[in-house]
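First comes the structure, then the notes that go with it.
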Amino acid sequence: MAGIIRLMVNFVLDHAFSLHGLLALLGLGVYATGSRTLHQRRHPSAAVAWVLALVLMPYVALPLYLLFGNRKMVRRRERAELAAAKGSSGAARTGPLEPLAAALGLPPPACYARLQIHEDGAAAAEALHAGIARAQREVLLSTFLYGRDAFGEALAEALAERVAAGVRVRLLIDGVGAWLGGHPDLRRLEARGIEVRLFVPPLRSGLRGRTNLRNHRKKVIVDGHWLWSGGRNLAAEYFTGDAHRAAWLDLSFDLEGEAAGQARALFERDWAFAQGQEPPPPMPRDAQAPDPIQGGGVVQPCPKLQLIPSGPDQADDTLFALLVSSFFNARERIVAVTPYFVPDETLLLALTLAARRGVRVTLVLPKRSNHRLADLARHRALRELAAAGVEVRLLPRMVHAKAVVVDEALAFAGSANLDERSLFLNFELMFAWDEPDDVRRFAAWIERQAVGAHPYHPRHPTLMREVAEGLLLWLAFQL
């Protein structure tokens with residue numbers, strides 16, 4: 001009997017080892033093939049973590065990789081199309097971002113008019129409802145979450161009124177954001193004539209390997225000419241608050257012009273992706289060249305902005321590249337506001353070196369955000385910045401605004417946080433202005449919000465805290 005038991009144990013161990021080896025080889029093959037096909041740029045810690053996990057625990061790591069492992073979706077054919085789009089326009093590049101933006105395959109700078117920066121949530125809600133009320137043909141909405149609250153209900157009523165007037169209304173909600181927003185009643189929205197799509201719902205999507213890629217873009221486009229965008233989701237806490245919590249400090253804006261048309265084209269690509277359809281190809285840069293504004297029979301140059309889509313649908317990490325380049329080129333000041341600050345080493349180095357060479361760097365954060373892990377993970381970077389002379393201001397309320405101003409040359413605003421998830425994983429949408437008056441307006445808005453902030457005083461961390469911060473930072477890129 002003892003001999004039979006030993007024989008069975010040896011058989012199980014021998015075959016288990018063989019199965020383990022086969023699964024490890026399969027996992028490494030899937031990892032290598034996916035990384036090569038999609039040209040995945042991975043953080044070194046993430047790459048090492050995946051390889052070790054696939055070798056040591058392939059039965060756990062391989063399913064996780066198939067669910068969460070893909071970071072880019074642009075394949076070779078699409079890269080060729082983007083490369084052709086990059087080189088299709090031979091016009092001179094004059095703006096501070098244009099040469100690099102062109103090299104990254106971004107659309108050309110677009111004309112805009114009547115930029116309004118919303119002072120607070122009430123102004124943002126008023127502008128949003130006024131824009132929707134003017135719709136004659138279509139209203140397109142993209143949001144990370146849609147609140148099941150009084151604000152969401154009032155917005156649904158406004159949209160239903162436009163549907164009754166013959167306007168087509170489409171609403172794109174992120175699949176995870178739909179949960180976080182309190183499970184909005186999608187059937188009721190559809191019963192009112194609103195077309196609703198969920199972007200990669202985690203339990204029902206056929207897009208394997210992309211569950212971890214969330215659509216964080218926030219925009220409302222009316223008739224292809226008016227755009228409302230920024231950091232606000234379509235829920236009460238981002239506007240006026242409710243009986244349970246005060247409104248968060250957030251930033252949004254609206255404008256008119258060709259930039260809205262570019263945002264519409266991006267919406268169509270996201271809508272097609274959410275439906276599992278092939279997205280329309282990117283337009284060549286020269287086919288999108290902005291038209292001058294006609295005034296009094298005289299052709300006048302128009303102010304322009306740079307639309308910056310960032311995420312898995314871009315061949316490069318567009319926003320990250322533009323921010324790092326801008327920080328290295330800063331001469332006088334950098335002012336940034338963000339709810340979550342977990343930068344990678346390159347972005348942190350760019351800010352640190354800017355401060356050390358005499359650039360005034362100011363960072364505005366909430367003293368306590370709604371993500372406690374992000375608050376814990378940020379301290380290592382904040383200690384390094386404070387040592388370099390960066391002024392870190394902490395506001396006693398929740399800050400959800402996302403904006404960066406560099407000198408009087410550039411202002412970035414939109415949906416992206418200064419953390420690794422926003423910069424490398426999420427579908428994000430940012431805008432960049434180089435019109436001096438508008439750059440100053442964004443800087444002034446940040447300075448007004450920072451009144452009453454308290455300075456950050458770094459404290460020497462304990463060993464346990466350093467270990468916890470390190471583990472969080474190691475996981476931050478994938479989670």
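The values are calculated or read from the model by the stated rules, or taken from the named source; none is laboratory data. Remember, predicted model here, so these are calculated numbers, not experimental data. Cβ sites come from the backbone with ideal geometry, for glycine too, and all protein chains shown count toward neighbours. Surface areas here come from the heavy atoms of the whole protein model, side chains and all, with no ligands, DNA or RNA. Shrake-Rupley method; radii C 1.70, N 1.55, O 1.52, S 1.80 Å.
Taking all protein chains as present, what is the carbon and sulfur share of the accessible area of region 330-392, in % to the nearest whole number, probe 1.4 Å? Spell out each step's value before the answer.
On the way: 1320 of 2660 Å².
After summing per-atom areas, the C and S share lands at 50 percent.
Out of the DSSP beta bridges found with both residues in region 338-443, what percent are antiparallel (nearest 5)? Show your work: numbers first, answer last.
On the way: 8 of 15 bridges.
About 55 percent, rounded to the nearest 5.
Region 342-371: which trypsin sites (Lys or Arg not before Pro) are DSSP loop and have at most 14 other beta-carbon atoms within 10 angstrom? Walk me through the numbers before you get to the answer.
Details: sites: R356, R357, R360, K367, R368; in loops: R357, K367, R368.
The qualifying sites are R357, R368.
Report relative contact order for region 119-247 in percent, whole number only (criteria: Cα-Cα under 8 Å, sequence separation at least 6). It would help to have the intermediate numbers written out before the result.
On the way: 222 pairs, mean separation 43.6, N = 129.
Once divided by the residue count of region 119-247, the mean separation gives 34 percent.
Quickly rank 165-175, 449-459 as a protection proxy: mean count of other C-beta atoms within 10 Å, highest first.
165-175, 449-459
Test of the criteria: in region 376-472, which GluC sites (Glu not before Pro) are in a DSSP loop and have at most 16 other Cβ atoms within 10 angstrom of their Cβ? Mind dumping the intermediate values first?
Values: sites: E384, E391, E408, E420, E428, E447, E466, E469; in loops: E408.
Answer by residue number: E408.
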